[in-house]
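All remarks here apply to the structure that follows.
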Amino acid sequence: MADKYGIPQGGDPYPGKVKYLGNNKRRLTVKEIYAVCKETWPQGKAELATAVCLAESGGSPFIYNTYKQGHFGLFQISRSAWPEFFAGGSDAWADPKQNSAKAVEIYKKQGWGAWQGYTDGGWKKYQEDVAGVALRWDGKPMKGLLDDIQTLGLGTVLGNAYDAASDAASTVADKTASGLDALGDVWEAITTPALWMRIGYGVLGIGLVAGGLFLVVSNSSAGRGAASAAASVTPIGRAAKKVGAA
């Protein structure tokens, strides 16, 4: 008689069958798993926990196998070893945070040796991806660095740091190159003879227009002055007439 997970009483013999709750085969990204581990694991343990998780489940919260009474979720929690986590037929194991929190409890009692993904070294193939996410996440706490040096080795830690620094330098270089290209375009434009010829023609045109306006205004002022002078002179004939009249 099988249970709701399709696991027969007593479980399946090794290696068992891989199944998914509700046939949901979605996998979390390394970043998503690291975020869960950062929230649930002690400081300095999130990176290794993420790598072990990936070695155990491939990042699927809904995966389980039928070996013995089944191993469930991100950290493949054993139902036969930790039955209280499954009390009442709970599917809490499929919740990433609850599964990770239970894994922390197991770690505190049994250490990393509780997971085959650690003891067989399976976690190591994920360490670089996890370290890259951690470096880009929020910087490296000093305790985390020391833990990594002890676990991963100084060479790997420095290599990951170098890769991250190289990525950052490449980004800056790309942006700088774009800026220099823009400045080059401006310089090329302002050193083009045709541009200065157009500017010269424009200045000459403005000068000619200004000169023409000056002449017009000057001639107009001279005309008004002559008219005023003429109006102030007494006509000879009229004066003579007055004199003669006297």
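Would region 29-40 turn up any residue that is in a helix (DSSP H, G or I) and more than 26 Å from residue 128 (Cα to Cα)? No - not one qualifying residue is present in region 29-40.
Inspection of region 110-123 finds a residue satisfying the criterion of being under 18 Å from residue 35 (Cα atoms) and either among the aromatic types (Phe, Trp, Tyr) or without any contact (Cβ under 8 Å) to a residue 60 or more places away in the chain (or both).
Considering only residues that are under 11 Å from residue 97 (Cβ atoms) and not in a loop (DSSP other than H, G, I, E, B), which ones fall in region 41-63? Selection gives nothing.
Only helices (runs of 4 or more DSSP H) whose full extent lies in region 76-142 are considered here, and the ones with at least 1 residues that are open to solvent by less than 50 Å² (accessible area, probe 1.4 Å) and of a type in the set (Lys, Arg) are 96-110. Applying the criterion of being open to solvent by 50 Å² or more (accessible area, probe 1.4 Å) and small (Gly, Ala, Ser) to the residues of region 1-53, the residue that is farthest from the chain's Cα centre (by Cα) is 10.
The values are calculated or read from the model by the stated rules, or taken from the named source; none is laboratory data. Everything quoted here is computed from the prediction, not taken from an experiment. Quick reminder, even Gly has a Cβ in these numbers, built from the backbone with ideal geometry, and neighbours come from all protein chains shown. Side chains are part of the model used for accessible areas, which takes the heavy atoms of the whole protein and leaves out ligands, DNA and RNA. Shrake-Rupley method; radii C 1.70, N 1.55, O 1.52, S 1.80 Å.
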